[in-house]
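Beneath this line is the structure, given in structure tokens, with notes to follow.
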Amino acid sequence: MNNDLENLYRQVIMDHYKNPRNKGLKGYPHIHLKNPSCGDDITIEADISEGIVKEVRHEGKGCSICCSSASVLTEVVKGKSVEEAKEMVEAYFKMMRGEGSSDELEEALVYEGVSKFPARIKCATISWKAFERLLNGEKDE
Amino acid sequence: MCLDNIREQFEIYKNNPDLVYLDTCATSLKPKCVLDKMEEYYTKYGVNIHRGVYNLSYKASSEYDEAREKVANFINSNFNEVIFKRNASEALNYVALTYGEQNLKEGDVVLTTELEHHSSVLPWMKLCERKKAILRYVKLNDEGRITVEEFKKALDNKVKVVAITLVSNVMGYVTPIKEIIKLSHEAGAIVSVDAAQAVAHFKIDVKDLDCDFLSFSAHKMMGPTGVGVLFGKDKHLKKMMPLEYGGDMNDEVDKTSVTIKEIPYCFEAGTPAIAEVLGLGEAIDFINSIGFDKIEAHCKALHEYALKLLEDVKGITIYNKTSECSIISFNVDGVHPHDASTLFDENNVCLRAGHHCAQLITKWLKVNGTLRASFYIYNTKEDVEKFVKVVKENVKFFSQFN
């Protein structure tokens, strides 16, 4: 089996897929995003107050890359300031473009391998895009 | 024409020597003659049609009319019953927005099925909403097939339109269409047939079927993208008002009135996809030069070979083992189709993953989506073997995470 694939499907990714953390919504402001062409369907909600990301949760369905990245997101951004979280989002998107990774991404670094699979970048970024909008003060009604 | 060397006609293989293309249901590959024909138009007589009174325009117009004649012969219709549209989706929409819009009334029923491609059902769903008409579904049998028996149960004299596929793009089942059309006419309904998947696999004879409308795309039958065909019975077309007004479709124009050209020209406003229409004509010649008997024998042999090799593979589910057309819809158990498709992609095996623009049947199957492999004339036994090898790798790779 080739290395790119081993890098894409890391054990930690499949673990988050099969045992998602922070799954289920509590009613904080949320953003719902879909990729109708493949069926990925993710809602991210966040409790952001006093400039701190206090809690992030997710709900939805999709492939392992999509669902696990939502789960990992909720863990790595928890407790960060809004500014720090925005920097992480930028760093994550940069990593997806294959422009290098940064340690600040913590566990989300396991998605570095996705940049080799252009067709899968959408899967790995859908939850981060929803979270970015929450950071910018947007929310679905 | 011998199928053994058929790949030489498809230059995409020269640029992608390891390509295993199993996504013909989404779009077919195009032979060189089709591309050459389009280039011939642009380089030799690339001017507008039905307008200029100079020789080059006459040449372009005759080529265009000749392509329409080829389509008419291909489906056994009359010349004036062939309308060029952008694709099957536009053609199917056109039926709903013209015939449907002008004839459907509140309380009328449009009968359709869960096997439909979105393009076959959604135009009617939206029209029914506007008209306060009712969209009714024929119950599928245990295998997911449309049967005459269930069709009869859903049919009554409230049904005015039947919107139905000839071949399912997910299951590959062939609808018992002739019997369904006969029953529909007896009940006073017209039938719009989605032939997008069928057209590359067997001879369609609209007179024999007696269908009222029939739609298909060129790109699924080795023709170019950007052109599709709407067949409509002369008697319906003559009563229909065009959806679009503009260039070429009008006859006499005054400040407050316009008369329109005869059918089919009144339904083709503006400059059409001329090169693509000529390419479609060439694709028809290409299919005819091989013959549907040979095409189907080849596809069937590959399909049976694949099913035989997959028989002993544990950890996969095939949803349409009895499919008449060379389509295999399946899943690797416990693996999302998009995850599985990445492994195929890594091995240069192109197949479709997801709901295939047919969410109703995906939901009927109670799955997130499926993987779909479809075989056509340019596929080989080696393609099938490579495909099955990657199916096995998929099962093995994802089993490590269980």
Which one is nearest to the chain's Cα centre (by Cα) among residues in region A:9-30 that are part of a loop (DSSP other than H, G, I, E, B) and among the aromatic types (Phe, Trp, Tyr)?
A:9
Tally, over region B:374-383, of residues that are in a helix (DSSP H, G or I) and in contact with a strand residue (DSSP E or B) (Cβ under 9 Å, 6 or more places away or on another chain):
2
For the subset of region B:2-30 comprising residues that are assigned to a loop (DSSP other than H, G, I, E, B) and either at positive phi or free of Cβ contacts under 8 Å to residues at least 40 places away in the same chain (or both), which member is surrounded by the most Cβ atoms within 10 Å (Cβ to Cβ)?
B:11
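The rows are residues; the columns are (1) within 19 Å of residue B:285 (Cα to Cα); (2) in contact with a Ser or Thr (Cβ under 6 Å, 6 or more places away or on another chain); (3) surrounded by fewer than 22 Cβ atoms within 10 Å (Cβ to Cβ); (4) not assigned by TED's automatic domain parsing to the domain that holds residue B:205.
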position: B:53; (1), (2), (3), (4): no, no, yes, no
position: B:62; (1), (2), (3), (4): yes, no, yes, no
position: B:69; (1), (2), (3), (4): yes, no, yes, no
position: B:74; (1), (2), (3), (4): yes, no, no, no
position: B:79; (1), (2), (3), (4): yes, no, yes, no
position: B:111; (1), (2), (3), (4): no, no, no, no
position: B:118; (1), (2), (3), (4): no, no, yes, no
position: B:121; (1), (2), (3), (4): no, yes, no, no
position: B:126; (1), (2), (3), (4): no, no, yes, no
Looking only at region B:345-395, and only at residues there that are aromatic (Phe, Trp, Tyr) and more than 18 Å from the chain's Cα centre (by Cα), the one that is nearest to residue A:63 (Cα to Cα):
B:364
Which listed residue, of A:64, A:37, is in contact with a strand residue (DSSP E or B) (Cβ under 8 Å, 6 or more places away or on another chain) and either under 30 Å from residue B:356 (Cα atoms) or modelled with pLDDT of 95 or more (or both)
A:37
Quick one: which helices (runs of 4 or more DSSP H) lie wholly within region A:54-141 and hold at least 2 residues that are more than 29 Å from residue B:335 (Cα to Cα)?
A:82-96, A:121-135
Checked B:90, B:63 against criteria (out of contact with any strand residue (DSSP E or B) (no Cβ under 9 Å at 6 or more places or on another chain) and either outside any loop (DSSP other than H, G, I, E, B) or at negative phi (or both)); the one match is B:63
So which of A:39, A:60 ends up being more than 8 Å from chain B (Cβ to nearest Cβ), out of contact with any Pro (no Cβ under 6 Å at 6 or more places or on another chain) and under 20 Å from residue B:367 (Cβ atoms)?
A:60
Candidates B:300, B:321 - the one that is of a type outside the set (Ser, Thr, Tyr), part of a helix (DSSP H, G or I) and free of Cβ contacts under 8 Å to residues at least 40 places away in the same chain
B:300
Is there any pair linking a residue in region B:248-272 that is more than 15 Å from residue B:82 (Cβ to Cβ) to one that is loosely packed, with under 13 Cβ neighbours inside 10 Å and polar (S, T, N, Q), with Cβ under 6 Å and at least six apart or on different chains, and which?
B:251/B:259; B:252/B:259
So, in region B:342-356, how many residues would count as being at positive phi and more than 9 Å from chain A (Cβ to nearest Cβ)?
2
So the check is Cβ under 7 Å with 6+ separation or different chains; which pairs have a first residue in region B:113-141 that's in a loop (DSSP other than H, G, I, E, B) and a second one that's of a type in the set (Asp, Glu)?
B:116/B:194; B:117/B:194; B:132/B:106; B:133/B:106; B:133/B:108; B:139/B:150; B:140/B:114; B:141/B:150
Of the numbered conditions (1) surrounded by fewer than 22 Cβ atoms within 10 Å (Cβ to Cβ); (2) part of a helix (DSSP H, G or I); (3) touching a residue at least 24 places away in the same chain (Cβ under 8 Å); (4) within 14 Å of another protein chain (Cβ to nearest Cβ), residue B:394 fails exactly one; give the number of that condition.
(1)
For region A:57-101, enumerate the residues that are among the polar types (S, T, N, Q) and closer than 18 Å to residue A:46 by Cα.
A:68, A:69, A:71, A:74, A:81
Does residue B:285 satisfy the criteria of being without any contact (Cβ under 8 Å) to a residue 40 or more places away in the chain, more than 14 Å from every other protein chain (Cβ to nearest Cβ) and outside any loop (DSSP other than H, G, I, E, B)?
no
Selection status of residue B:353, modelled with pLDDT of 95 or more, within 23 Å of residue A:35 (Cβ to Cβ) and outside any helix (DSSP H, G or I)
no
So, in region B:363-383, how many residues would count as being within 27 Å of residue B:141 (Cβ to Cβ), buried (at least 22 other Cβ atoms within 10 Å of the Cβ) and touching a residue at least 60 places away in the same chain (Cβ under 8 Å)?
5
Would you mention how many residues in region B:156-180 are in contact with a helix residue (DSSP H, G or I) (Cβ under 8 Å, 6 or more places away or on another chain) and buried (at least 22 other Cβ atoms within 10 Å of the Cβ)?
11
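The values are calculated or read from the model by the stated rules, or taken from the named source; none is laboratory data. Computed from a predicted model, the values in this text were never measured in an experiment. Neighbour counts run over all protein chains shown; Cβ positions are idealised from the backbone, glycine included.
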